[in-house]
Amino acid sequence: LRNPVVNISSMCGTTDIPDWCYAEIGVKQFSVAPTSDLIMRMLLKSPILHHDAVRAPTLLQLGGNDHRVPPQQGLEWKRALQKNG
């Protein structure tokens, strides 16, 4: 996976395209600071909630200069997969 989006709610505050995060949950107009309801909706749409179902070996390629998907997304995925064993 190359700079994967795994947690839309945490990405919303670190990307240069927060409007994409809102679009993923069907919100057309967005504010700079999402409400707790919107954050929960973003989380519920995120792959991070399904990390425990991953059984295949996973290769991550993270780029520090990616402003769309910050590398922290991939690190979050790595930590979640490491908990799987």
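The values are calculated or read from the model by the stated rules, or taken from the named source; none is laboratory data. Not measured: the values here are computed from a predicted model. Here the Cβ positions follow ideal geometry from the backbone for every residue, glycine too, while neighbour counts run over all protein chains shown. All accessible areas refer to the heavy atoms of the entire protein, side chains included, with ligands and DNA or RNA removed. Shrake-Rupley method; radii C 1.70, N 1.55, O 1.52, S 1.80 Å.
Take region 1-19 and flag every residue that is among the β-branched types (Val, Ile, Thr), open to solvent by 30 Å² or more (accessible area, probe 1.4 Å) and in contact with a helix residue (DSSP H, G or I) (Cβ under 9 Å, 6 or more places away or on another chain). Before you say what the answer is, go through the steps one by one.
Within region 1-19, the first condition is being among the β-branched types (Val, Ile, Thr), and the residues that meet it are 5-6, 8, 14-15, 17.
In the following step, the residues that additionally are open to solvent by 30 Å² or more (accessible area, probe 1.4 Å) were identified as 5, 14, 17.
Result: Val5, Thr14.
Just to be sure before I move on: is Leu49 over 16 Å from Asn3 (Cα atoms), modelled with pLDDT of 95 or more and surrounded by fewer than 13 Cβ atoms within 10 Å (Cβ to Cβ) in the structure I sent? Spell out how you get there, then give the answer.
On the way: over 16 Å from Asn3 (Cα atoms): yes; modelled with pLDDT of 95 or more: yes; surrounded by fewer than 13 Cβ atoms within 10 Å (Cβ to Cβ): no.
Here the answer is no, as Leu49 does not meet what is asked.
Among the residues of region 21-36, is any assigned to a helix (DSSP H, G or I), touching a residue at least 40 places away in the same chain (Cβ under 8 Å) and open to solvent by 80 Å² or more (accessible area, probe 1.4 Å)?
If we filter region 21-36 for residues that are assigned to a helix (DSSP H, G or I), which is where we start, we get 21-24, 36.
The next check asks that each one be touching a residue at least 40 places away in the same chain (Cβ under 8 Å); those that pass are none.
So far as region 21-36 goes, no, none of its residues is assigned to a helix (DSSP H, G or I), touching a residue at least 40 places away in the same chain (Cβ under 8 Å) and open to solvent by 80 Å² or more (accessible area, probe 1.4 Å).
Quick check on Leu43: is it of a type in the set (A, V, I, L, M, F, W, C) and more than 10 Å from the chain's Cα centre (by Cα)?
No, not satisfied.
Give the residues of region 53-76 that are outside any loop (DSSP other than H, G, I, E, B), closer than 16 Å to Asn7 by Cβ and more than 10 Å from the chain's Cα centre (by Cα), sorted by residue number.
Result: Ala53, Leu75.
Being open to solvent by less than 40 Å² (accessible area, probe 1.4 Å) and out of contact with any strand residue (DSSP E or B) (no Cβ under 9 Å at 6 or more places or on another chain), is that true of even one residue in region 62-71?
First pass over region 62-71, keeping only residues open to solvent by less than 40 Å² (accessible area, probe 1.4 Å): 63, 69-71.
If we keep only those that are out of contact with any strand residue (DSSP E or B) (no Cβ under 9 Å at 6 or more places or on another chain) too, we end up with 70-71.
Taking every residue of region 62-71 in turn, at least one turns out to be open to solvent by less than 40 Å² (accessible area, probe 1.4 Å) and out of contact with any strand residue (DSSP E or B) (no Cβ under 9 Å at 6 or more places or on another chain).
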